[in-house]
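Asker: Supplied in structure tokens, the structure appears directly below.
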2 protein chains.
Amino acid sequence: MAGALSHINGNSVLHVPCRPDPKQFPCRAFKVSMLCNQSYWASINSDIEAHLKRAIPIREPLTVFDPMNGLTFAAPRSTAPTLCVAACELVGGHRDVALPAASALWLMYSASFIHEHLPLMQSCRPKSDVRHLYGPNMELLIGDAMIPFGFELLAKSDDPARNNSNRILRVMVEISRAIGSQGMIHKQYHQVESYRSNNTKSNHLEKIKKHKGTLHACAAACGAILGGGSEEEIEKMRRYGLYVGKMASGVERNDEELNKLVEEMRASATKELRGFNEAKVQAISNYFESNFMCAQV
Amino acid sequence: MAGALSHINGNSVLHVPCRPDPKQFPCRAFKVSMLCNQSYWASINSDIEAHLKRAIPIREPLTVFDPMNGLTFAAPRSTAPTLCVAACELVGGHRDVALPAASALWLMYSASFIHEHLPLMQSCRPKSDVRHLYGPNMELLIGDAMIPFGFELLAKSDDPARNNSNRILRVMVEISRAIGSQGMIHKQYHQVESYRSNNTKSNHLEKIKKHKGTLHACAAACGAILGGGSEEEIEKMRRYGLYVGKMASGVERNDEELNKLVEEMRASATKELRGFNEAKVQAISNYFESNFMCAQV
């Protein structure tokens, strides 16, 4: 996987992008203009990052908060948190109510990436190029700290004036399932097993495929829940998230099959957005389609 | 550390008790009768275990739920979940409202034990006798799944009829802090560092000492919050939990110093329980004092 070096505390650390470098994987079949106005997305990303930076300042205990801060921003990024905030605004909610959930999703995704690349003994994972700047012990601990910290951010966003505690608790169940035993962990089990056994590889790859898009589906549904969307809107956003998440997670590189699949997913995703504010729908579609389709080809 | 073998799926697995085997560490200075009526505690433990067994049935995906079930009940037990339920009842709450929090604490403690004993490369931990029945990869994943699952159990215990969502969210913040970057993770960092560096060992041991009892303090406070205790009662229970937690975590084995410390903690702990139902106070004091004081000597 392509990587780029950046610096934390004077040491270099490898960033692994969540999608391939467009220079290395030039767009072909679905090349769309990347010049569409991305200021909407840039502003969402900037707000999530600012929220997280306020939540994880470099403070005591420094021995924990310094590496937590470093690892949170060094890990590759998922577009799921951005989608969470966009979904909230799409159903008419205020951006601020979705920022803690988006930050929690960011933290959970980072923790998962860190733990996925831990150098375990008796491991059957493929060799990773990710450098362990803080050492495996610290990275195990920091990953463990990020998960409850994400839930803490969510729990603290309870605001009696907004009477939103039931929505927050519902979002917590959604996130627990998406990152836990029925979601990301189940997918990671099949990833580990697919490396271990050649005989059952295809079965495991099939299971991994089924899980693709679940984090984006959860993110979009959570945004809609927090934004006060109706049950119908929440389910529409969940399905939209699933489609764009599947596209973000990658599909097979067989061009003909790829073209067909991407067309189907694009059509299904677009269908789910019917009935919402048209200007916002256009911004969402442009962003996800241009990003994900470039990434696939 | 002393261990006992039990069997899961036909394989033997090492259980490491959370306190030393009384046969190997006979009580001396504070030998108190273990014949006191422990049925109250046995009934709490049995209810927590039943609640957890219902929450983690052997169901699909079996590849995740089977080891999660096995590891949850194989890990050594903390008395913190029991204290959570007792504190709830002590302030007049119904036992059922504290069972999800007690189960969450059980899961978090198990996850922490599993990850603490993972065989990492470049590790500076002491060699562990704990056998890895499911393999390090699976045990890393299951630990990661247990933490959000604990939060899910708590979030799902929201009951509109009880109007308890604010209490649940408050308990989530308490638990996040106790197990996260400001609690258990910070302690574990100092544990790792105390093995790595002989020069700074005493500084790290001092920091570890400061963290002792925080999980029990959190558990007791959470029980009191969920049971509807007043702010004064919640803080009394937190302090009581801190004292018994410090006793449970062990103090130095210098007999004279030990006797003095245990006496001081016992007095402080007893003081915190003044004003509550006397019969229940007696049951709590008997249980914790007999267990922990035997464990220390």
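Rule-based calculations on the coordinates, nothing more; no lab input. Quick caveat, the model's predicted, so the values are computed rather than measured. Counting neighbours? That spans all protein chains shown, and the Cβs are built from the backbone with ideal geometry, glycine included.
Asker: Mind sorting A:LYS246, A:LYS260 by how few other Cβ atoms lie within 10 Å of their own Cβ, fewest first?
Answerer: Fewest-to-most ranking of A:LYS246, A:LYS260: A:LYS260, A:LYS246.
Asker: Could I ask something else about it? Could you give, in nm with one decimal, how far B:ARG54 is from each other copy of that position, shortest first, with labels 7 Å out from Cα toward Cβ?
Answerer: So the distances to the same position in the other copies read 4.1 nm.
Asker: Checking the table A:LYS207/A:LYS260; A:LYS212/A:LYS260; B:LYS210/B:LYS280; B:LYS246/B:LYS280; A:LYS209/A:LYS280; B:LYS156/B:LYS210 against a 23 Å threshold on Cα-Cα, which pairs fail?
Answerer: Going by Cα-Cα distance, B:LYS210/B:LYS280; A:LYS209/A:LYS280; B:LYS156/B:LYS210 fall outside the 23 Å limit.
Asker: Now for a separate question. For B:ALA42, which inter-copy label distances result when the label point lies 7 Å beyond Cα on the Cα-to-Cβ vector, reported in nm to one decimal and in ascending order?
Answerer: Ordered by distance, the counterparts are at 7.0 nm.
Asker: Just to be sure I understand the model, the point goes 7 Å from the Cα along the line to the Cβ. What's the resulting B:TYR195 to A:LYS53 distance in nm?
Answerer: Result: 3.7 nm between the two label points.
Asker: Using the beta-carbon distance between A:ARG274 and A:GLU231 and R0 = 22 Å, what value does 1/(1 + (r/R0)^6) give for FRET efficiency, to the nearest 0.05?
Answerer: Computed FRET efficiency for A:ARG274 and A:GLU231: 0.85.
Asker: Inter-copy label distances at A:PRO119, 7 Å along the Cα→beta-carbon direction, one decimal in nm, shortest first?
Answerer: 1.6
Asker: What ³J(HN,Hα) values, in whole Hz, does the Karplus curve 6.51 cos²θ - 1.76 cosθ + 1.60 give for segment B:151-163 when θ = phi - 60°, with x put for Gly and Pro?
Answerer: For segment B:151-163, the Karplus curve yields 5, 5, 4, 5, 4, 6, 7, 4, 10, x, 5, 8, 6 Hz.
Asker: May I ask for the distance between the Cα centers of segment B:221-244 and segment B:127-166, given as a whole number of Å?
Answerer: Going from one Cα centre to the other spans 23 Å.
Asker: Sorted from fewest to most neighbouring beta carbons within 10 Å, what does the list A:HIS117, A:HIS216, B:HIS115 look like?
Answerer: A:HIS117, B:HIS115, A:HIS216
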